[in-house]
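Worksheet for the structure shown next.
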Amino acid sequence: MAPRRRAPSSERRAAPPPRRSGTVSTLDPSALLPPDLPEAILDFGDRRVHLTNLQKPFWPALGLTKGDLLRYYITVSPALLPHLRDRAMVMRRYPDGADGKSFFMKRAPMPRPAWIELCSIAHGSGNVIEFPMVQDLASLLWVVNLGCIDLNQWYATCDDVDRPDAMHFDLDPGPDAAFAQVRETAVVVREATAAIGMAAYAKTTGSRGIHVYVPIARGPSQHAVWEVAKALASELARRHPTLVTAEYTIAKRPRGRVLVDYNQNAWGRTLASVYSVRPSARAAVSTPVTWAEVDKGIAIDDFRIDNLPARLRRRGDLWAPMLAARGRFDLTTLAAD
């Protein structure tokens, strides 16, 4: 059902136009959430979201407000939501925008709408934490309205939180390492994974590095996935000692290397989702890229809140293969070897 917007004043605006057809459907964010409103109530059938402080500066130097952030997420939501559904969301809230202090929140705050779906995850301490899940546009806007600039979802779906459906590598440049080395490392990871039959997909982190993901068949435990990632990262560091390190301890990490961070596969760790805006100076977006683009040369700030929607309309969701049932690597074959 197409959402209806209800303004707090007596004014009533027309319902937004339907989603456009194509590889990636889009919504008109200005029709759903006009730029001049200080707050708004959006009705999605039986779901209502109260959006507040829409004029609050979130990137003062860029002239971008909290409302601009929400409109961005409305625009990209058809492509974004399939990558978030049925996963616990670890919230990082920036109540004063990208330049302000932030804090992590796992437990879904109260009060909250009754329709926010929860994922209950037992932690080692014995605590059971109820994380919110972003299942649709209404819940996406509710989470972003809390001040969540980027979105950090669990590595496995809620039906089995210890069975990941992807293995990933966070390529993080260390001191004296340039982004060109990150791109070179991404190619090294792609070639190494391809050599054992894995398909790998890259995206910019929107911060400093590149994320490389491998879609895997669900089955192996989180710890087993972590072990495979560690072994691969360690082997790459052995083969490319002047480029790559797998040393997780900062004090022992050599300078001028790119960390192939396998530890983000560890229990409870999360990475910024695809299409997440990051709290960077230019509001960069974690963006899927082709390997041809990596080879040619890309930069983090090539992909931003202001130009990503147009790229998405033009290129479609380059990470759609991460959602497909086919093409997922069976990690158990490595153990068999």
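The values are calculated or read from the model by the stated rules, or taken from the named source; none is laboratory data. Just so we're clear, the structure is a prediction, and the values are computed from it rather than from any experiment. All Cβ positions, glycine included, derive from the backbone under ideal geometry; neighbour counts span all protein chains shown. When the accessible area is computed, the model is the full protein with side chains, heavy atoms only, and any ligands, DNA or RNA have been set aside. Shrake-Rupley method; radii C 1.70, N 1.55, O 1.52, S 1.80 Å.
Please arrange 120, 102 by accessible surface area, largest first, computed with a 1.4 Å probe and ligands excluded.
Putting 120, 102 in descending order of accessible area: 120, 102.
Keeping the other protein chains in place, figure out the carbon and sulfur percent of the accessible area of region 105-216, with a 1.4 Å probe.
Roughly 50 percent of what the probe reaches on region 105-216 is carbon or sulfur.
Which trypsin sites (Lys or Arg not before Pro) does region 92-174 hold that lie in a coil by DSSP with at most 13 other beta carbons within 10 Å?
101, 107
For region 147-273, state the semi-axes of the equivalent ellipsoid (square roots of 5 times the eigenvalues of the alpha-carbon gyration tensor), sorted largest first and rounded to whole angstrom.
23, 17, 13
Whose amide H sits under 5 Å from the amide H of residue 44, counting only residues 5 or more places off or on another chain, with H placed in the peptide plane?
The list, which skips near neighbours in sequence, is 4, 49.
Determine the share of region 289-337's accessible area contributed by carbon and sulfur atoms, expressed in whole percent, with a 1.4 angstrom probe.
Within region 289-337, the accessible surface is 52 percent carbon and sulfur.
Taking 41 Å as R0, compute the FRET efficiency from the Cβ-Cβ separation of residue 50 and residue 263 and round it to 0.05.
0.60
Out of all Cα-Cα pairs in region 237-337, roughly what percent, to the nearest whole number, are more than 21 Å apart?
57
Could you tell me which of the pairs 203/296; 106/203; 106/252 are separated by over 22 angstrom between their Cα atoms in the structure shown?
From 203/296; 106/203; 106/252, over 22 Å: 106/203; 106/252.
Just add up the charged neighbours of residue 105: K/R +1, D/E -1, any other residue whose Cβ is under 9 Å from the Cβ of residue 105.
The answer is +4.
How many Å² of accessible area per residue for the chain, probe 1.4 Å?
44
Where a Cα-Cα gap under 19 Å defines reach, which lysines qualify for residue 66, not counting those fewer than 8 residues away within the same chain?
56, 101
For the residue pair residue 296 and residue 178, what label-to-label distance in nm results when each label sits 7 Å from Cα along the Cα-to-beta-carbon direction?
In this crude label model, residue 296 to residue 178 measures out at 2.0 nm.
Taking N as the number of residues in region 44-92, what value does Rg over Cα atoms divided by 2.2 N^0.38 Å take?
Rg over 2.2 N^0.38 Å, computed on Cα atoms: 1.37.
In the chain, what cysteines have no partner Cβ closer than 4.7 Å?
Unpaired cysteines in the chain: 148.
Ignoring everything except DSSP H segments at least 4 long, calculate the 222 nm mean residue ellipticity for the chain; use -39,500 (n - 2.57) per segment, divide by total residues, nearest 500.
That comes out to -7500 deg cm²/dmol.
Scanning the chain for helices, which whole DSSP H stretches are 18 Å or more long along the axis (Cα) and average -1.0 or more by Kyte-Doolittle?
Going by DSSP H runs, the hits are 66-84, 179-195, 222-239.
Expressed as a rounded percentage, what relative contact order does the chain have, with Cα pairs under 8 Å and six or more residues apart?
Relative contact order, the chain: 16 percent.
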